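Working notes, structure below.
The values are calculated or read from the model by the stated rules, or taken from the named source; none is laboratory data. Please read all numbers here as calculations on a predicted model, not as lab measurements. A quick note on method: Cβ atoms are made from the backbone with ideal geometry, for glycine too, and the neighbour counts reach across all protein chains shown.
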Amino acid sequence: IDPLVVLIKKLKEHSHLSQEDLLEIRRLPCSVRELDSHEDFIRQGDRPKVSAIVVEGMLARYHLLPNGARQYLSFHLAGDMPDSQCLFIEAMDHAVCAIGKAVVASVPHRDLMKLFDSRPKVGAAIWRETLIDAAIFREAITNNSARSAPARMAHLFCELFYRSRASGLARGDTCVLPIGLNQLGEALGLSLATVNRALANLRDSDLADFKSGSLTIKNWANLAKCGEFNPRYLHLRREPF
């Protein structure tokens with residue numbers, strides 16, 4: 001898999017780029033590495049000189065708390081650049097790790113900045129990517145503070161399935177979701193017992209089933225209603241449904 005082709009596919013979900021723009025993206029230097037489950041790509045406090053492209057699998061942003069617990073902030077699929085903000089800030093205020101095994105490409109900041117100068121539309125597309133990330137953060141704050149446990153779970157499942165489908169990663173009504181139950185709780189601010197009850201609620205209501213790293217949507221309309229999910233904050237050019 002060519003990491004830059006994966007990036008181009010993702011950017012085209014929300015931005016219009018010319019053939020010349022795409023050609024220059026393809027010329028970016030990058031190196032590829034595999035990450036083990038839970039392995040950090042960047043740690044809190046690091047001053048990175050490269051940005052990541054998710055090639056395969058899933059990455060997550062998280063805050064490491066003083067007691068060693070994690071607060072997961074967002075999840076990132078193939079084509080995402082989960083640390084693109086570090087192009088413009090000196091030190092990372094959060095960490096990025098693999099959720100399950102993942103493949104990641106690294107692109108030097110200096111080459112990205114040169115590309116932004118020569119192809120401003122590419123810079124705007126990656127800037128738009130960071131703005132969409134910010135919209136996802138805002139939605140997560142609302143989700144975790146204003147909704148019940150089943151609604152929080154439903155909203156997160158809707159978002160990840162919608163994004164997977166837009167990126168061509170879903171198969172029918174199912175997508176790979178290598179998130180553990182503890183990680184779901186750390187993302188949604190729920191105890192493990194509450195996570196299990198929320199999952200049972202969605203399953204018994206015939207809305208969604210999540211097991212063994214796989215999410216299956218049983219009734220999209222009702223799941224979206226339960227989670228009060230409106231995909232406008234994802235700012236995609238085309239709806240995947």
**Complete:** Only one of (1) touching a residue at least 40 places away in the same chain (Cβ under 8 Å); (2) of a type outside the set (Asp, Glu); (3) outside any strand (DSSP E or B) does not apply to residue 215, and that is (3)
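In segment 168-182, what residues are of a type outside the set (Val, Ile, Thr), at negative phi and surrounded by fewer than 19 Cβ atoms within 10 Å (Cβ to Cβ)? Write out each step before concluding.
Residues of segment 168-182 of a type outside the set (Val, Ile, Thr): 168-173, 175, 177-178, 180-182.
Narrowing the set further to residues that are at negative phi leaves 169-171, 173, 175, 177-178, 180-182.
The answer is 169, 171, 173, 178, 180, 181, 182.
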**Complete:** All conditions in (1) in contact (Cβ under 8 Å) with a residue 60 or more places away in the chain; (2) closer than 19 Å to residue 100 by Cα are true of residue 165 except (2)
**Item:** Among (1) surrounded by 19 or more Cβ atoms within 10 Å (Cβ to Cβ); (2) among the charged types (D, E, K, R); (3) closer than 24 Å to residue 156 by Cβ - the single one residue 21 does not satisfy
**Value:** (3)
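Just give me the residues in segment 122-177 being polar (S, T, N, Q), within 14 Å of the chain's Cα centre (by Cα) and not in a helix (DSSP H, G or I), in sequence order.
167
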**Message:** Kindly evaluate residue 33 against the criterion of being over 18 Å from the mean Cα position of the chain (by Cα), assigned to a loop (DSSP other than H, G, I, E, B) and under 15 Å from residue 108 (Cα atoms).
**Reply:** no
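Looking at 1, 89, which one is of a type outside the set (Lys, Arg) and touching a residue at least 60 places away in the same chain (Cβ under 8 Å)?
Values: 89 fails: touching a residue at least 60 places away in the same chain (Cβ under 8 Å).
On inspection, the qualifying residue turns out to be 1.
Out of curiosity, is residue 28 touching a helix residue (DSSP H, G or I) at 6+ places or on another chain (Cβ under 6 Å), surrounded by fewer than 19 Cβ atoms within 10 Å (Cβ to Cβ), modelled with pLDDT of 95 or more and part of a helix (DSSP H, G or I)? Can you show your working first?
Working: touching a helix residue (DSSP H, G or I) at 6+ places or on another chain (Cβ under 6 Å): yes; surrounded by fewer than 19 Cβ atoms within 10 Å (Cβ to Cβ): yes; modelled with pLDDT of 95 or more: yes; part of a helix (DSSP H, G or I): no.
So residue 28 fails the test.
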**Prompt:** Under 6 Å by Cβ, and 6 or more places apart or on different chains, what pairs join a residue from segment 43-56 that is in the same structural domain as residue 96 (by TED's automatic domain parsing) and closer than 22 Å to residue 3 by Cα with one that is of a type in the set (S, T, N, Q) and at pLDDT 95 or above?
**Reply:** 50/106
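Let's see how each residue does on (1) farther than 25 Å from residue 54 by Cα; (2) assigned to a helix (DSSP H, G or I):
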| site | (1), (2) |
| --- | --- |
| 182 | no, yes |
| 195 | yes, yes |
| 201 | yes, yes |
| 206 | yes, no |
| 221 | yes, yes |
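When you check residue 101 against the structure, is it among the basic types (Lys, Arg) and out of contact with any Gly (no Cβ under 8 Å at 6 or more places or on another chain), yes or no? Break it down into steps so the answer makes sense when it comes.
Values: among the basic types (Lys, Arg): yes; out of contact with any Gly (no Cβ under 8 Å at 6 or more places or on another chain): no.
So residue 101 fails the test.
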